[in-house]
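Only the coordinates and a few stated rules stand behind these numbers; no lab work does. Just so it is clear, the model here is predicted, and its values are computed rather than measured. Quick reminder, even Gly has a Cβ in these numbers, built from the backbone with ideal geometry, and neighbours come from all protein chains shown.
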Amino acid sequence: MKVSTHRIGAMVALLSLCLPAQAVDKLPVTLTISGPQTIPVGKKIEIDAVFTNVSNHTVRVSRAVLYTLQIHDAQGKVPPIKPGFGVASASGNSFAIEPGKTVTEPIGGLLVKYDLSTPGVYVVRVTRPLIIVDDQFPAHVIQNSTLESNEITIKVVAKGSDTP
């Protein structure tokens, strides 16, 4: 008996509608960034990355990764990069986060390479690989995913303007 490929495709499509959708596993760690709302031109912008363990077990996160910074002004343009800046480096250790706890890591240095001398509003977001390693064997990777932060808005104002 010969079955057409159209019938097989239709049967597969119907069968997939009958099967329950598989839930996507939630990452055990979230990433939230915070920084100043307003800052004068020329002042270093301090941003913190806050990792929160939303699982029910201790998680060890590798620091041997690079953050990817996404920044643009109110018109969607990426600010220019200052001369002499290359790729940032990452350290090779890791940190443990207990269930329900947070770890804060300063990442303001990521913005140093951008020329933010033009007053305006800038939107910042970061992503980074989430590499979870085994407590006893740090070279053993348990999970490799990508964390995306929230967006923050930073208003850069001319020197002498009212800033908090």
Q.
Report the gain in length on full extension from E105 to V157: 0.36 nm times residue separation, minus Cα-Cα distance, nm rounded to one decimal.
A. 16.1 nm
Q.
With the crude spin-label approximation of a point 7 Å out along Cα→Cβ, what separation in nm comes out for N144 versus K26?
A. 2.6
Q) K155: which lysines have alpha carbons under 21 Å from its alpha carbon, excluding same-chain residues fewer than 8 sequence positions away? A) K43, K44, K77, K82, K113
Q) Using θ = phi - 60° and the Karplus form 6.51 cos²θ - 1.76 cosθ + 1.60, what ³J(HN,Hα) does each residue of the stretch 98-115 get, whole Hz, x for Gly and Pro? A) 6, x, x, 9, 10, 10, 10, 10, x, 10, x, x, 5, 7, 4, 6, 8, 7
